[in-house]
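In what follows, a single structure is set out as structure tokens and then discussed.
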Amino acid sequence: MNPKKKTYELIVEQINLLCLEQNLQPGDRLPSERDLASLFGVSRNSIREALKDLERKEFIEIRQGGGSFLSTTKRDLLGNELRTHIDKAKAILIDEMLELRRAFEVEAAFLAAQRASPKNLEAIQNVLIQMANAKSDPEKGVQADLDFHLQVAYATKNQLLIDLMATLALRIEENIRETRKHRFTDSNRQQETLNEHQEIYDAIADKNSDLAKHLMSQHISRIRSELHSSS
């Protein structure tokens, strides 16, 4: 919830979501003020204010003594408004996760180049092979991409950094899944992304910590730049 928004504005969003979740059709009746107040844990006055706002936008019709009904003409606009809000929130979360990843994965590449054992290098190389073989399987590609970054973290020998990556693994996985969907709308980007990971591995294997750090920073910054240019 956005603390900068007024209570009724937050309730409007919740009512929009409720309409979509319950698949209400034009002309369908919304729950009563009392039920909405109980459902959202707010006062009936706040519910009335939210309903009046929806009525002003012609998303609903309030019938005296009869309740509130989904407008026969505005249901699609209501859904589009909510989906736009959700899409914007999702884009912000993706970008913030990339910021966080850049903060610790760049240093991970730097340390891995200094500390990676032959076993670590073999593990990273095996993941690159999996990534190359997953071109026709997007989900396997996501898992291989995630494993690459996890294996780089393991190579740092820094237990706190390894624990941090493990804790954030599910969020990183979702971040990779979403960014790969965006990047791979252009089929050429799949090979280019594989090349970026290969170059990071080569720098780590060559114990070139400055180059590994630069390439990891460039890799994540490029993803962010592509996302921003398309928004």
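Taking Cα atoms only, the orientation of helix 7-21 departs from the longest principal axis of the chain by about 80 degrees. Of [x] 43; [y] 25; [z] 22, which one was derived for percent of Cα pairs over 31 Å apart from the structure shown? Identified label for the calculated read-out: [x]. Extension gain, Arg63-Arg189: 0.36 nm per intervening residue step, less the Cα-Cα distance, totals 39.9 nm. Taken over the stretch 99-231, the ratio of Cα radius of gyration to 2.2 N^0.38 Å equals 0.97.
Rolling a 1.4 Å probe over the protein chains gives Asp210 an accessible area of about 110 Å². The angle between the Cα long axis of helix 169-183 and the longest principal axis of the Cα atoms of the chain comes to about 90 degrees, rounded to the nearest 10.
The accessible-area ordering, largest first, of the residues Arg48, Arg189 stands as Arg48, Arg189, per a 1.4 angstrom probe. Per atom type, the chain shows carbon and sulfur on 50% of its accessible surface, probed at 1.4 Å. Averaged over its residues, the stretch 88-210 has an accessible area of 52 Å² per residue, based on protein heavy atoms and a 1.4 Å probe. Per-peptide packing, taken as the mean over residues of other Cβ atoms within 10 Å, places 145-156, 52-63 in the sequence 145-156, 52-63 from highest down.
What the phi angles of the stretch 194-210 give under the Karplus curve with 6.51, -1.76 and 1.60, with θ = phi - 60°, is a coupling list of 4, 4, 4, 5, 4, 5, 5, 4, 4, 5, 5, 5, 7, 6, 9, 5, 5 Hz, glycine and proline written as x.
The values are calculated or read from the model by the stated rules, or taken from the named source; none is laboratory data. Fair warning: this is a prediction, and the values are worked out from it, not measured in the lab. In this analysis, Cβ positions are derived from the backbone assuming ideal geometry, glycine residues included, and neighbour counts consider all displayed protein chains. Protein only, heavy atoms only, side chains kept; ligands, DNA and RNA dropped before computing areas. Shrake-Rupley method; radii C 1.70, N 1.55, O 1.52, S 1.80 Å.
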